[in-house]
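Participant: Have a look at the structure that comes next, please.
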Amino acid sequence: MDTMEGPSPPRPMALKPKMKRRLSMFEKDLYSHTLKERLGDVSYEVTYTKPCRIEQDSKRKIKYANTYKMQPKNKFCAPAVKLKMEQILQDKIQNMAYDPDICKSLSISLANHIRGEVKNMACDCYKYIVQVIFIEKKDQGSRVCSRSLWNTEWDNCATAKYETNSLISIGLVFASYHE
């Protein structure tokens, strides 16, 4: 009888030594330990300024470290912003006639002016989108709408409207909380 040798039995592989498993920050009761391990002695409330020269200006750009805050100290106050916008629109547009060329440049300058005033209202950590729209009055209906994805708890918007005999001006400010 012919003896046929089959494949040789597998050799036992050398087992690798087990490495110590790294803790997950999602495990119960280990979150603070993991943060201390990964962040070292960093405090949550620390802000850090690092001088950075901008070649165009002699001003220094300030950089802040993350604060890990999930909500603002001062919430965006839409009624106060609305009053300020109505005042600015009334002061700049009073007794003005509609002219497309003038309204185009005035729209940009008013949006910049409103944004500057809103930034001075002490709402921290917000990003602002400001629009100023001019519509000629010619017995027509008009509707202005916008869509956005935002956090309903912290984000908000304010709208102001001012009318003259020949135009309608609408100011929109969208405040989005930025951590």
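The values are calculated or read from the model by the stated rules, or taken from the named source; none is laboratory data. Keep in mind the model is a prediction, meaning the values are calculated, not measured. A quick note on method: Cβ atoms are made from the backbone with ideal geometry, for glycine too, and the neighbour counts reach across all protein chains shown. Note: areas computed on protein heavy atoms with side chains; ligands, DNA, RNA excluded. Shrake-Rupley method; radii C 1.70, N 1.55, O 1.52, S 1.80 Å.
Participant: I'd like to compare 65-74, 135-144, 103-112: which one has the highest average count of other Cβ atoms within 10 Å, and what's the full order after that?
Facilitator: 103-112, 65-74, 135-144
Participant: Turning to a different aspect of this structure: Express the relative contact order of region 63-179 as a whole percentage, based on alpha carbon pairs under 8 Å and six or more residues apart in sequence.
Facilitator: 38 percent
Participant: Give me a comma-separated list of calculated 3J(HN,Hα) values for region 132-143, in order, Karplus coefficients 6.51, -1.76, 1.60 applied at θ = phi - 60°, integers in Hz, x for any Gly or Pro.
Facilitator: So the J values, rounded to whole Hz, are 10, 10, 10, 10, 6, 7, 9, 6, 10, x, 8, 9.
Participant: Moving on. For Val173, Val130, give the ranking by accessible area with the largest first, probe 1.4 Å.
Facilitator: Largest to smallest exposure gives the sequence Val130, Val173.
Participant: Taking H as built 1.01 Å from N, whose amide H comes closer than 5 Å to the amide H of Lys137, not counting residues under 5 places away?
Facilitator: Close amide H contacts, sequence-distant or interchain: Leu167, Ile168.
Participant: Moving on to the next point. Output the pairs from Lys63/Lys119; Lys84/Lys138; Lys92/Lys138; Lys69/Lys161 with a Cα-Cα distance over 24 Å in this structure; if there are none, say none. Could the numbers behind the result be given before it?
Facilitator: Details: Lys63/Lys119 18 Å; Lys84/Lys138 28 Å; Lys92/Lys138 22 Å; Lys69/Lys161 35 Å.
Check vs 24 Å cut-off fails for Lys84/Lys138; Lys69/Lys161.
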